[in-house]
Amino acid sequence: MAPSSSAQRILVIAPHADDEAVGCGGLIRKTSSAGGKVHVAIASERSLDRKWRAGQYHDYFSDDRQGELARASEILGFEFSVLLDGDYLHRLDTVPQQALVAAIEQALLVHRPTLFLLPTPTYDQDHRAVFSAGIAAARPHFWAGTVLLYITVPFGHSPNVFVNISAVLSVKIDACKAYVSQQTGVQSWVSPE
């Protein structure tokens with residue numbers, strides 16, 4: 001089944017709001033534009049966080065990030081939810097893996113995706129925790145479907161599935177720009193997926 005098929009149902013598990021736009025925003029937009037359904041489950045949120053920008057840390061609130069997520073959702077065409085209640089942002093590695101696996105299993109049962117997208121494990125502890133729990137949740141005797149990994153940071157991963165997003169690349173870039181609180185002023189890398 002083509003990624004942009006109207007019958008496609010995609011479930012994206014994102015450690016943080018913005019990972020979906022950076023890692024697979026083009027595929028999300030391409031699928032939603034064709035009439036497919038996309039649901040993004042954000043693993044964690046928090047009431048207050050800090051971001052390094054312009055040589056110092058700046059505080060921002062989850063209301064800011066939720067607004068940014070809502071804008072990215074409108075731009076790319078997906079619905080979203082939060083997997084875990086609580087202050088786990090940048091601390092998903094402290095959540096018992098069974099609890100994270102169970103939350104992802106529940107999302108799989110509710111959304112019944114034809115395509116399941118997980119982040120590649122990177123230097124970020126939240127990405128590693130979500131990847132490990134997502135792979136456990138997608139075990140064949142629980143759920144049988146296609147699992148793909150998306151890249152948010154080029155960390156020793158070589159992609160082997162490519163989707164032509166040239167027609168929606170500017171939309172993906174707009175969705176990434178919606179996350180104003182995450183812009184550091186440092187040159188960043190945006191996945192071509």
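Exactly one residue among 159, 113, 154 is in a loop (DSSP other than H, G, I, E, B) and surrounded by 19 or more Cβ atoms within 10 Å (Cβ to Cβ), and that residue is 113. With respect to the conditions (1) modelled with pLDDT under 90; (2) under 18 Å from residue 21 (Cβ atoms), residue 119 falls short on a single one, namely (1).
Looking at 107, 137, 102, which is the one that is within 15 Å of residue 13 (Cα to Cα), in contact with a His (Cβ under 8 Å, 6 or more places away or on another chain) and at pLDDT 95 or above?
107
When restricted to residues that are modelled with pLDDT of 90 or more, surrounded by 14 or more Cβ atoms within 10 Å (Cβ to Cβ) and among the charged types (D, E, K, R), the range 61-92 contains 2.
Of everything in the range 117-147, what is closer than 20 Å to residue 98 by Cβ and either aliphatic (A, V, I, L, M) or crowded, with 23+ Cβ neighbours inside 10 Å (or both)? Give them in sequence order.
Correct list: 118, 119, 127, 129, 130, 133, 134, 135, 136, 137, 138, 147.
The set of residues in the range 162-175 that are surrounded by fewer than 17 Cβ atoms within 10 Å (Cβ to Cβ) and either within 18 Å of residue 100 (Cβ to Cβ) or among the basic types (Lys, Arg) (or both) is empty.
State whether one or more residues within the range 28-35 are at pLDDT below 95, more than 11 Å from residue 115 (Cα to Cα) and either assigned to a helix (DSSP H, G or I) or of a type in the set (S, T, N, Q) (or both). The answer is no; no qualifying residue exists.
For residue 160, the conditions (1) in contact with a strand residue (DSSP E or B) (Cβ under 9 Å, 6 or more places away or on another chain); (2) free of Cβ contacts under 8 Å to residues at least 60 places away in the same chain all hold with the exception of (1).
The values are calculated or read from the model by the stated rules, or taken from the named source; none is laboratory data. These numbers come from a predicted model, not from an experiment. Counting neighbours? That spans all protein chains shown, and the Cβs are built from the backbone with ideal geometry, glycine included.
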